[in-house]
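Enquirer: Quick one: the structure is below, questions incoming.
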Amino acid sequence: MKGGGYYSQSTRGAKDVIDNASSMLIDAVAALPAPQNGRPINIADYGAADGGTSKKSIRDTVAALRGRFTNQQILVTYTDLASNDFSTLFKSMQGLDGDADNTYYNEFDGVFVHACGIGFHRQLIPDGSLSLGFSATAMHYISEKPCEIPDHVHMVGASGAALQAYADRAAKDWENILLARANELVSGGRLVFMNFGKDEQGRYLGGTDGIDMFDTFDSLWKELAAEGRITQDEYVNASFSQFYRTKEEFSAPLLDTASPVHAAGLRLISAHTGVVKCPYRAAFEAANGAMSAREFAVSYIPTLRSWSETVFATALDRGRPADERAAIVDDFFQRYEDRVATNPDGHAMDYVHCYLAIEKV
Ligand SMILES: C[S@@+](CC[C@H](N)C(=O)[O-])C[C@H]1O[C@@H](n2cnc3c(N)ncnc32)[C@H](O)[C@@H]1O
């Protein structure tokens, strides 16, 4: 992810996803057992980025916890990769960025904010101490690429052995994620996850109707290779380290009574898929001709760039000078912008999620 607050500023849709489903967190709070022996209530946001998109929902969750357990101390742990922009997160939590909205750390007494820069495929919190785990739009990241995809940039366009390798990696990772959370949770604790996935109609992020976003990435990256601007190796190296699971794939280890996840006590409370419309497309349509195609393109491309840029930047040969690599990436996103500006029809990054509520029995 790009740092310096760029992620939250450019990712209104991801915030919409969390805000729209934040009642799941409030329901989970209502169902939590009272903490034993005055112990603090631990909640965690896994893959939080700079914390901006979940800030309101976490604030509302803390308020609901404070309403139920008046004197209990509350610890909120934000987790992400070691490379994450935790500095922006801590400024935001304290309102040091000049924005006082939802700064629950200042609003409530007895609230503590910690961070963990280790990936969520591993256990991050001590055994039996987590009451509520939350994650949004993060667990589609697999622990490592099993291979490069030879003929596309993303698993949604992959086939054969490459697709199978990604599916196998994603299944193992999901089991590991759930087993780690099972260890962390107190008995009666809850998980609320809203993860990118594929819905019952085969739709996924940027691939709902109209023009497929990942096909566009692929065709523009191929165009650079065909022109000799990047090498064939650089084309192939740009495989996203992601997998979009179906509701069945998310649910399987929770429903299979023979699985280690089931044995560890995790049970599925609910699972459903949902589409949140691209806010940039919606604003363009609502403008009803008052916004030009170029203006739409300029507003839209940064949201794609906020999470995809590193994939293309790191695919480039390290032997190239840094400014040359930066220029290629700029050119790539400029081409995307130009394509949208030339014909905006069908361009949108609709969000497709699988929403899961899970309990540890
Ligand atoms: C698209 S952002 C979502 C951020 C935020 N949760 C939201 O919904 O807006 C995905 C986040 O997951 C993080 N991430 C990716 N792989 C991760 C891993 N293995 N462990 C923890 N975080 C990870 C990324 O660094 C990034 O901050």
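Enquirer: For A167, are the conditions met, namely being within 16 Å of the ligand (Cβ to nearest atom) and under 20 Å from the mean Cα position of the chain (by Cα)?
Expert: Details: within 16 Å of the ligand (Cβ to nearest atom): no; under 20 Å from the mean Cα position of the chain (by Cα): yes.
So A167 does not fit the description; no.
Enquirer: Further question on the same structure: Could you give every pair whose Cβ atoms fall below 8 Å, whose first residue belongs to the range 128-143 and is free of Cβ contacts under 8 Å to residues at least 40 places away in the same chain, and whose second residue is near the ligand (Cβ under 9 Å from one of its atoms), counting only separations of at least 6 or pairs across chains?
Expert: Qualifying pairs under 8 Å: S143/G119; S143/H121; S143/D173.
Enquirer: Then there's this: Hey, among A182, A161, which residue is free of Cβ contacts under 8 Å to residues at least 60 places away in the same chain, part of a helix (DSSP H, G or I) and small (G, A, S)?
Expert: Details: A182 fails: free of Cβ contacts under 8 Å to residues at least 60 places away in the same chain.
The conditions single out A161.
Enquirer: Okay, moving on. Could you tell me which numbered condition D151 fails, if it satisfies all but one of (1) within 14 Å of the ligand (Cβ to nearest atom); (2) at pLDDT 95 or above?
Expert: Here D151 meets the rest and fails (1).
Enquirer: Confirm whether D338 is modelled with pLDDT of 95 or more, out of contact with any Ser or Thr (no Cβ under 6 Å at 6 or more places or on another chain), more than 21 Å from G207 (Cα to Cα) and assigned to a helix (DSSP H, G or I). First the steps, then the outcome.
Expert: Working: modelled with pLDDT of 95 or more: yes; out of contact with any Ser or Thr (no Cβ under 6 Å at 6 or more places or on another chain): yes; more than 21 Å from G207 (Cα to Cα): no; assigned to a helix (DSSP H, G or I): yes.
So D338 does not fit the description; no.
Enquirer: For the range 14-37: of the residues being among the polar types (S, T, N, Q) and away from the ligand (no atom under 16 Å from the Cβ), which is farthest from the chain's Cα centre (by Cα)?
Expert: First pass over the range 14-37, keeping only residues among the polar types (S, T, N, Q): 20, 22-23, 36-37.
Those still in the list that are away from the ligand (no atom under 16 Å from the Cβ) too: 23, 36-37.
On the way: S23: 19, Q36: 32, N37: 35 Å.
Ranking the qualifying residues of the range 14-37, first place goes to N37.
Enquirer: Shifting gears a bit: Any idea which of A34, A63, A44, A30 is of a type outside the set (F, W, Y), at pLDDT below 95 and closer than 25 Å to A357 by Cβ? I'd like the intermediate steps shown before the answer.
Expert: Values: A63 fails: at pLDDT below 95; A44 fails: at pLDDT below 95; A30 fails: at pLDDT below 95.
The conditions single out A34.
Enquirer: Take the range 44-61 and flag every residue that is more than 12 Å from the ligand (Cβ to nearest atom) and buried (at least 24 other Cβ atoms within 10 Å of the Cβ).
Expert: The one that is more than 12 Å from the ligand (Cβ to nearest atom) and buried (at least 24 other Cβ atoms within 10 Å of the Cβ): T61.
Enquirer: For the condition within 16 Å of the ligand (Cβ to nearest atom) and over 22 Å from L32 (Cβ atoms), what is the one hit in A158, A136, A115, A100?
Expert: So the residue among A158, A136, A115, A100 that is within 16 Å of the ligand (Cβ to nearest atom) and over 22 Å from L32 (Cβ atoms) is A115.
Enquirer: Could I ask something else about it? Identify, please: which residue in the range 111-122 is buried (at least 17 other Cβ atoms within 10 Å of the Cβ) and touching a helix residue (DSSP H, G or I) at 6+ places or on another chain (Cβ under 9 Å) and is, among those, nearest to Q72 (Cα to Cα)?
Expert: V111
Enquirer: What is the number of the single condition among (1) over 21 Å from the mean Cα position of the chain (by Cα); (2) part of a helix (DSSP H, G or I) that S306 does not meet?
Expert: Only one criterion is unmet by S306, namely (1).
Enquirer: Moving to a separate point now. Of everything in the range 118-133 that's touching a Leu at 6+ places or on another chain (Cβ under 7 Å) and under 25 Å from Y355 (Cβ atoms), which residue is nearest to the ligand (Cβ to nearest atom)?
Expert: Ranking the candidates gives G119 first.
Enquirer: Can you tell me which of L75, L81, L96, L89 is surrounded by fewer than 16 Cβ atoms within 10 Å (Cβ to Cβ), at pLDDT 95 or above and within 25 Å of G119 (Cβ to Cβ)?
Expert: Working: L75 fails: surrounded by fewer than 16 Cβ atoms within 10 Å (Cβ to Cβ); L96 fails: within 25 Å of G119 (Cβ to Cβ); L89 fails: surrounded by fewer than 16 Cβ atoms within 10 Å (Cβ to Cβ).
Just one listed residue meets the conditions, L81.
Enquirer: Which number in (1) out of contact with any Pro (no Cβ under 7 Å at 6 or more places or on another chain); (2) away from the ligand (no atom under 16 Å from the Cβ) marks the one condition that G188 misses?
Expert: Of (1) out of contact with any Pro (no Cβ under 7 Å at 6 or more places or on another chain); (2) away from the ligand (no atom under 16 Å from the Cβ), only one is false for G188: (1).
Enquirer: Six or more apart or on different chains, Cβ atoms under 7 Å: show the pairs whose first residue is in the range 10-38 and in the same structural domain as D50 (by TED's automatic domain parsing) and whose second is in a loop (DSSP other than H, G, I, E, B) and away from the ligand (no atom under 16 Å from the Cβ).
Expert: Hits for this filter: A34/F69; P35/F69; P35/Q72.
Enquirer: Residues that are part of a helix (DSSP H, G or I), within 16 Å of the ligand (Cβ to nearest atom) and under 25 Å from Y300 (Cα atoms): does the range 192-214 have at least one?
Expert: Keep residues of the range 192-214 that are part of a helix (DSSP H, G or I), which gives 213-214.
Add one more test, that the residue is within 16 Å of the ligand (Cβ to nearest atom), and what stays is 213-214.
So of that shortlist, the ones also under 25 Å from Y300 (Cα atoms) come out as 213-214.
Yes, there is a match, as at least one residue in the range 192-214 is part of a helix (DSSP H, G or I), within 16 Å of the ligand (Cβ to nearest atom) and under 25 Å from Y300 (Cα atoms).
Enquirer: Here is a follow-up. Can you pull out every residue in the range 10-34 that is part of a helix (DSSP H, G or I) and over 16 Å from A282 (Cβ atoms)?
Expert: Residues of the range 10-34 part of a helix (DSSP H, G or I): 12-20, 23-31.
Passing the criteria: I18, S23, M24, L25, I26, D27, A28, V29, A30, A31.
Enquirer: Failed condition for S299, given (1) part of a helix (DSSP H, G or I); (2) touching a residue at least 40 places away in the same chain (Cβ under 8 Å), with all others met?
Expert: (2)
The values are calculated or read from the model by the stated rules, or taken from the named source; none is laboratory data. If you're wondering where the values come from, they're calculated on a predicted model, not measured in any experiment. In this analysis, Cβ positions are derived from the backbone assuming ideal geometry, glycine residues included, and neighbour counts consider all displayed protein chains.
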